1. Only one residue in Tyr132, Tyr141, Tyr116 is surrounded by 14 or more Cβ atoms within 10 Å (Cβ to Cβ) and under 30 Å from Leu186 (Cα atoms). Which one?
2. For Ser164, indicate whether it is under 19 Å from Arg213 (Cβ atoms) and among the hydroxyl-bearing types (Ser, Thr, Tyr).
3. One residue is enough: does the stretch 188-205 have a residue meeting the conditions in contact (Cβ under 8 Å) with a residue 60 or more places away in the chain, surrounded by 14 or more Cβ atoms within 10 Å (Cβ to Cβ), touching a strand residue (DSSP E or B) at 6+ places or on another chain (Cβ under 7 Å) and closer than 15 Å to Tyr17 by Cβ?
4. In the list Leu55, Leu59, Leu43, which residue meets the criterion of being within 13 Å of the ligand (Cβ to nearest atom), more than 24 Å from Asp178 (Cβ to Cβ) and touching a residue at least 12 places away in the same chain (Cβ under 8 Å)?
5. Among the residues of the stretch 58-72, are any crowded, with 16+ Cβ neighbours inside 10 Å, closer than 21 Å to Pro263 by Cα and in contact with a helix residue (DSSP H, G or I) (Cβ under 7 Å, 6 or more places away or on another chain)?
6. Restricted to the stretch 96-119, and to residues that are touching a residue at least 40 places away in the same chain (Cβ under 8 Å), touching a helix residue (DSSP H, G or I) at 6+ places or on another chain (Cβ under 7 Å) and hydrophobic (A, V, I, L, M, F, W, C), which residue is farthest from Trp52 (Cα to Cα)?
7. Of all residues in the stretch 218-248, which are polar (S, T, N, Q) and either over 24 Å from the mean Cα position of the chain (by Cα) or under 20 Å from Ser172 (Cα atoms) (or both)?
8. Looking only at the stretch 249-269, which residues are more than 21 Å from the chain's Cα centre (by Cα), within 8 Å of the ligand (Cβ to nearest atom) and either in contact (Cβ under 8 Å) with a residue 24 or more places away in the chain or assigned to a helix (DSSP H, G or I) (or both)?
Amino acid sequence: MNITWRRKFTWSPERQYYWDFCPRAYYYNYIGEWEEGMDKEKLESLKKLCSWEELYKDLLLEGIEELVTGDSVPEVKKRLRNRLEKVFQAPQDFLIPGERDVYSSSEEILGVLSQYLDNFLSLFQPSGIQGYFYRVQERIYYKGLPITVSPDFLFQHPERTIVSKLIISPPSVPQLLDLQACSLILWAEEKFGMEVENIFCDYYYLSDLRMERKKYSRPQIIELAEKIIIFAHRMLIVKGIEDFPARSEEGRCRLCKFSSICPDTDYLQ
Ligand code: SF4
């Protein structure tokens, strides 16, 4: 197995998500491009596909960014409609196969998206806090392990920092939210020089209209960070494709962007 990917390895919640979803899908997403005999062009085009949930998040974050810079809610919704129409004109360019027939019209999906935007606005109450949109990818090191974080937005107050993420629906592995919160808090600690006890991670759940605040003591952060190291170690001790078992199962493969190139699924799209 080509080892170039090792030099580029960083742990991230997204990587962990792929690993837990299906190690073979992880292989295609993070390692395939370095492997001999892989159709790199095809792989790149598949990697760009997303689920409705990922698309919602992208569109909502764009909309929130526009709201933060002063646009009105009707203006933002109008732009969301235009973007959605593009997806409906060529769904094969945007969506994984199992997600292409979920909605019958852009109006239907616009209704869902508008509801999520309204839910966000009803949860979002930054009174007395200076907030700004972040939406970047940054890298930190914990005991030599590179970790990539992607805060959605950030609020700062003289005594505390709040890093926030949008969640459409709760993940199937809830522990991932703690690992993600830990990585964001470690990042904010390094970036803003603040004690971890004064950094919170807020999750905005848009499908069930609630906000969850994660806060941890220093020993809890250390415990979570040690788990991240263990998970990263498991991802790094692999030697060949056989170390990435295919978790073939209808519900999973239907939502996998690599099902058209995976020889181990019985659920080809
Ligand atoms: S198609 Fe199924 S088995 Fe193959 S990578 Fe995707 S989820 Fe895994």
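1. On the way: Tyr132 fails: surrounded by 14 or more Cβ atoms within 10 Å (Cβ to Cβ); Tyr141 fails: surrounded by 14 or more Cβ atoms within 10 Å (Cβ to Cβ).
Exactly one residue qualifies, and that residue is Tyr116.
2. yes
3. no
4. Just a single option satisfies the conditions, and that option is Leu43.
5. Scanning the stretch 58-72, I find no residue that is crowded, with 16+ Cβ neighbours inside 10 Å, closer than 21 Å to Pro263 by Cα and in contact with a helix residue (DSSP H, G or I) (Cβ under 7 Å, 6 or more places away or on another chain), so the answer is no.
6. Within the stretch 96-119, the match that is farthest from Trp52 (Cα to Cα) is Leu117.
7. Of the residues in the stretch 218-248, the ones polar (S, T, N, Q) are 220, 248.
Correct list: Ser248 only.
8. Passing the criteria: Cys262, Asp264.
Each value in this text was obtained by applying a stated rule to the coordinates, not by laboratory testing. Model, not experiment: these values are computed from the prediction. Don't worry about glycine lacking a Cβ; one is built from the backbone with ideal geometry, like all the others, and counts go over all protein chains shown.
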